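Here's the structure, in structure tokens; my notes come after.
The values are calculated or read from the model by the stated rules, or taken from the named source; none is laboratory data. Treat the numbers as computed from the prediction; the structure is a model and nothing was measured. Counting neighbours? That spans all protein chains shown, and the Cβs are built from the backbone with ideal geometry, glycine included.
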Amino acid sequence: MAYALSGIIGTKFDAVTAGTTTNGAGTPQPLGLCVVGSDGATRRFVQAAAALPLGSWLNIDEADQASLMTKTLTDAGYRIGVVHDVAFADNDFGWVVTDGPCTAKIAAACAADVQLYTTSTAGLVDDTSASQTLLRGCVATALGDTDSTALRACLLTNASGVATP
């Protein structure tokens with residue numbers, strides 16, 4: 001398990017804090033805080049706008065509310081992230097990867113080392129571009145297989161908030 005290199009006390013990437021507010025009151029870290037982990041990935045402290053399964057691709061709005069990635073939210077310019085360390089229940093606070101290596105869900109038979117796109121399935125990406133949005137700086141570094149719920153190695157490089165229709 002990766003640990004924070006910042007030295008910020010109480011930073012646990014594999015833990016969530018239950019919440020009901022959207023302002024971060026009572027959380028161990030301020031919303032939007034970014035920390036680099038020992039695995040080289042940058043993580044951002046966010047709140048789940050809904051349940052977020054492990055490996056899901058996210059859109060993060062300006063208030064650091066994370067939702068399953070959709071074409072509409074990506075086209076709106078929302079930041080890109082991945083649920084890497086632990087799943088979230090609705091309203092949970094915790095850490096998501098926004099830059100660097102991670103494991104994430106990619107569509108079945110997705111090629112490795114090619115550009116990724118949004119899909120019609122919220123929280124899932126693929127290498128097929130048909131009427132979807134290109135995720136610049138996002139690549140699967142391992143092949144997809146017949147199981148799109150399996151987690152595959154991916155890399156986000158300067159991907160935050162960068163997408164084109």
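Taking the criterion of being of a type in the set (S, T, N, Q) and on the phi > 0 side of the Ramachandran plot, the only residue of segment 89-120 that qualifies is Asn91. If I filter segment 101-132 down to residues being surrounded by 21 or more Cβ atoms within 10 Å (Cβ to Cβ) and under 11 Å from the mean Cα position of the chain (by Cα), which single residue comes out as farthest from Asp75 (Cα to Cα)? Across segment 101-132, the extreme among qualifying residues is Cys102. The residue that is surrounded by the most Cβ atoms within 10 Å (Cβ to Cβ), among those in segment 1-36 that are farther than 30 Å from Thr121 by Cα and small (Gly, Ala, Ser), is Ala4. One residue stands out in segment 37-68 among those that are in contact with a Pro (Cβ under 8 Å, 6 or more places away or on another chain) and among the small types (Gly, Ala, Ser): the one that is surrounded by the most Cβ atoms within 10 Å (Cβ to Cβ), namely Ala41. Among strands (runs of 3 or more DSSP E) entirely within segment 1-109, having at least 1 residues that are out of contact with any Cys (no Cβ under 6 Å at 6 or more places or on another chain) and touching a residue at least 60 places away in the same chain (Cβ under 8 Å) singles out 34-36, 57-60, 79-82, 93-105. If you go through segment 39-91 and keep only what is closer than 17 Å to Thr133 by Cα and of a type in the set (Gly, Ala, Ser), you end up with Ser56, Ser67, Ala76, Gly77, Gly81.
If the condition is being touching a Phe, Trp or Tyr at 6+ places or on another chain (Cβ under 8 Å), of a type in the set (D, E, K, R) and at pLDDT below 85, then segment 126-165 contributes no residue at all.
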